[in-house]
């Protein structure tokens with residue numbers, strides 16, 4: 001699913017041309033927002049799509065709200081909890097935190113001027129399933145320079161990885177940081193081979209050796225387009241050779257399938273959907289499949305979330321929002 005000022009769009013990532021469903025128009029504050037889908041619980045609580053922060057309107061007012069779309073009441077459209085974060089956030093990054101349905105959001109820009117976004121934050125807010133917030137639970141370490149335009153992924157149930165980003169669009173970083181959930185502490189990780197801002201990342205499972213690697217691709221020029229892989233067991237990065245890699249994947253957004261067998265990347269300078277998978281042991285073979293484009297013009301900085309099939313009349317289930 002893709003979200004932004006336009007209507008939300010739900011597509012089948014394997015065949016977008018035959019499986020496209022319009023979606024309730026999201027609030028305009030979802031531009032440059034971050035979010036996740038929270039599945040139903042074993043106790044019977046329904047699933048929902050949660051999107052937080054973003055910039056609203058021509059003046060780019062930063063939103064401090066989270067919006068929810070309930071599985072069993074999609075027709076009613078987006079709702080809010082009536083509670084707000086202590087500060088708005090745009091260009092933040094998030095991951096789903098544990099099995100409770102909470103959304104972990106780190107960084108982002110909190111103010112806007114005519115010269116661009118300013119005042120990046122290094123703090124984290126935890127958005128609970130009931131719409132309440134836990135504020136400032138884990139500030140980034142002092143050496144972390146990427147506070148917005150960064151990317152986050154889960155390495156395992158206890159480790160969050162934060163990659164790249166920048167203080168401004170011109171001052172970006174190759175640094176990574178690992179957050180240990182049990183101890184609530186950050187440590188520095190191995191640096192990427194190049195600086196990146198506004199890029200896609202995700203955790204992929206090699207289809208042959210069954211091990212996890214982190215795949216990153218895209219980013220604002222100059223540099224940042226070429227993909228690379230991170231091996232958590234050795235804390236090392238390696239270049240990835242993918243023939244015919246499209247230059248339009250700069251400013252792209254990605255989401256990983258539930259079983260981590262594939263990563264779907266959309267935009268940013270084109271509306272095509274690309275599927276990446278790795279195999280051969282050590283992800284020695286990386287395949288890229290170019291699928292049919294989204295049925296609307298591509299915009300930058302959309303929000304991309306994997307959702308279940310009941311959000312559309314088809315299988316599977318990806319949504320993106322474009323400003």
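The values are calculated or read from the model by the stated rules, or taken from the named source; none is laboratory data. In this text, all values refer to a predicted model and were calculated from it rather than measured experimentally. Cβ: placed from backbone, ideal geometry, glycine included. Neighbour counts: every protein chain shown.
At a glance:
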item: Evaluation of residue 162 against (1) touching a residue at least 60 places away in the same chain (Cβ under 8 Å); (2) closer than 11 Å to residue 107 by Cβ; (3) part of a loop (DSSP other than H, G, I, E, B) (one fails), failing number; result: (3)
item: Scope segment 177-209; condition within 24 Å of residue 275 (Cα to Cα) and in a strand (DSSP E or B); matching residues; result: 196, 200, 201, 202, 203, 204, 205
item: Checking residue 178 against (1) surrounded by fewer than 17 Cβ atoms within 10 Å (Cβ to Cβ); (2) free of Cβ contacts under 8 Å to residues at least 60 places away in the same chain, the condition it does not meet; result: (1)
item: Residues located in segment 49-68, provided they are modelled with pLDDT of 85 or more, out of contact with any helix residue (DSSP H, G or I) (no Cβ under 6 Å at 6 or more places or on another chain) and either under 23 Å from residue 308 (Cα atoms) or part of a strand (DSSP E or B) (or both); result: 49, 50, 52, 53, 62, 66, 67, 68
item: Among the residues listed as 165, 146, the single one being within 24 Å of residue 65 (Cα to Cα), surrounded by 14 or more Cβ atoms within 10 Å (Cβ to Cβ), in contact with a strand residue (DSSP E or B) (Cβ under 7 Å, 6 or more places away or on another chain) and at pLDDT below 85; result: 146
